[in-house]
1. Report ³J(HN,Hα) in whole Hz for each residue of the stretch 513-527, in order, from the Karplus equation J = 6.51 cos²θ - 1.76 cosθ + 1.60 where θ = phi - 60°; Gly and Pro get x.
2. Please give the length that would be gained between LYS495 and LYS120 if that part of the chain were fully extended, namely 0.36 nm times their separation in residues minus their C-alpha to C-alpha distance (nm, one decimal).
3. Given LEU211, VAL59, HIS461, which one lies farthest toward the positive end of the charge dipole of the chain, if we put +1 on the Cβ of every Lys and Arg and -1 on the Cβ of every Asp and Glu?
4. Around LYS316, under 14 Å between beta carbons, what's the net of Lys plus Arg minus Asp minus Glu among the other residues?
5. Starting at the first residue of the stretch 200-215, write each ³J(HN,Hα) from the Karplus equation 6.51 cos²θ - 1.76 cosθ + 1.60 with θ = phi - 60°, in whole Hz, x for Gly and Pro.
6. Putting +1 on Lys and Arg Cβ atoms and -1 on Asp and Glu Cβ atoms, find which of HIS160, GLY122, GLN110 reaches farthest to the positive end of the dipole of the stretch 73-211.
7. So who's got an amide H within less than 5 Å of the one on LEU423, skipping anything under 5 residues away but keeping other chains? H placed 1.01 Å off N, in plane.
8. What are the aspartates and glutamates whose alpha-carbon lies under 18 Å from the alpha-carbon of LYS340, with same-chain residues fewer than 8 places away excluded?
Amino acid sequence: MILLFKRTKPLDYIRNIWPNGERKKRSIILSKKYNDIIRKDKENLIDDQSWSDLDMDSVFPFLDKTLTTPGEQILYNILRNPLYSESKLKERDRVISLFQENSPIREKFQLKLFKIGKQKIGNILSLLWEDLKENKLMRFLCIFFGTLPTLIIVIELIFHIDLLVIFLSIVPFLFINMVIHYRTSADRISQINSISYFSKLMNVCKEICNLKIDELSEYKFKINSIFKNINIHSVTSSTYKINRIEGFSPILDYFSILFLWEERTYYKLIKHINLHQNDLRKLYELVGEIDAFISIAAYRESLPYYTKPQFTEKEKYLKIKDSVHPLIEKPVPNSIILDKKGVILTGTNMAGKSTFLRTIGLNALMAQTIYTCTAKEYIGNFFNIVSSMAPKDNVLKGKSYYLGEAEAILRIVKKVNEKYPVLSVIDEIFRGTNPIERVATSTQILKYVIARNCIPIVATHDHELTKLLKDNYKCYYFSEDVDETSGLKFDYKIKKGISPTTNAIKLLNYLGYPKEITKTSYDMVKENQKIAK
């Protein structure tokens, strides 16, 4: 019964956390590091500004239901690297849907991944992606001084030397080897944890190859192809020896040090890893991909509804029906169609403009990465997604808010002549400068980008833009109501047209501002509206 309980406990755990996952510590820093390592020289990626604007560091934990460290890092990388091939996305969806719809297959893989788990100590990225400098001199010294005691003991036993003499003859080597042991311990220990973790991953890869699942035979084929190039037994057996050595009693530790067993095994492993680093990386990524796809399947199952995207060749086109933001507990669905024209959003703060912008950007990103949209319908182009929503002052670098905005907008301008249309979401364009220059520059920039390969969605308080850009931009707004008892009330629904409300002054009145201020302000607004007409 105890044995049966131990065998079923991981399965019970896996079933209990499906599909919502569990609260866990994540190493976003290491996931970013992995993404930075492999994204070099690639185009059309989600840059740091857009990732931050879409609040993806907050969204990521909701998507991340992985069981392993490579799974977490690969999932992060998937989200940072949109695809521009429908066939590749559909192949990705095929595997995700298999895990989503076939729980026996999914659980077989999850039980394997559960054995790997998360790496708690060490950094496996340094083992697989950094140049492991093999200290040939130290390796030679370890082999030389680790072998000499054995030779001395053998020779003295052949000649029937007294045991006390044997002991005294090897004592100097014990002290020499202790120096070598402790001199090399820092570098060795930092890597041994990662080697042990990767050894578990390799053993699981062998087990995956024994699973008879025709639908995922490509993973078995890829893993077997890699195993033909490397000596898996050499890595796993050497790692096993090191772990056994680490578990020795204090007395036996001295024997390990005398013969430098751990050091010799370690340098043998490092040499093997350096020789086959590219193949070992592929194994790491294959396991991470499986775990990431299972995580996406779980995320789909946790949603109240979702849709798979449809991609169209219509020029500058996006249609989203009943889209919601994945982080909002009780979201209000909104729909929009963009057909060659851009969008100008008006309305007061907190009414829903920024959330809507992020919802559009997120759905476009998830469409091209995890083939999953938090909407009831999504039809659009393949987009370059570039945003400007929250550029920050950088006092240390001497940048003002306006300079940060200008640099963020320039990213969009530079992209608009590329192959794929730019989907740009911009919140409060050029809020960091004066109204006259803001309207002038915003008008010209928005005319420039809409005339090229770009669909801009812009939130602004400058109603002048709606008139200056009426030929190429549709107008929508979010509104609220203010009454004397409840204060602000929002419906968070997008509406066609230009925001007609003057609730900013109503709110001041509700908060108790003097009538002298609120009434005069309201009269000034009415007078300005007459002049504008």
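1. Once θ is set to phi - 60°, the couplings for the stretch 513-527 become 5, x, 4, 4, 7, 5, 5, 5, 5, 4, 5, 5, 4, 4, 5 Hz.
2. The span from LYS495 to LYS120 would gain 130.0 nm if fully extended.
3. LEU211
4. Values: positive: LYS314, LYS319, LYS340, LYS341, LYS415, LYS419, ARG452, LYS474; negative: GLU313, GLU315, ASP339, GLU418.
Here the count lands on +4.
5. These are the phi-based 3J(HN,Hα) values: 4, 4, 5, 4, 5, 4, 4, 5, 4, 5, 8, 6, 9, 10, 4, 5 Hz.
6. Ranked along the dipole, the leading option is GLN110.
7. ASN384, ILE385, VAL386, ILE455
8. GLU313, GLU315, GLU418, ASP471
Every number here is computed from the coordinates shown, using simple stated rules; none is lab data. No experiment lies behind these values; they were computed from the predicted model shown. No Cβ is skipped: glycine too gets one built from the backbone with ideal geometry, and neighbour counts run over all protein chains shown.
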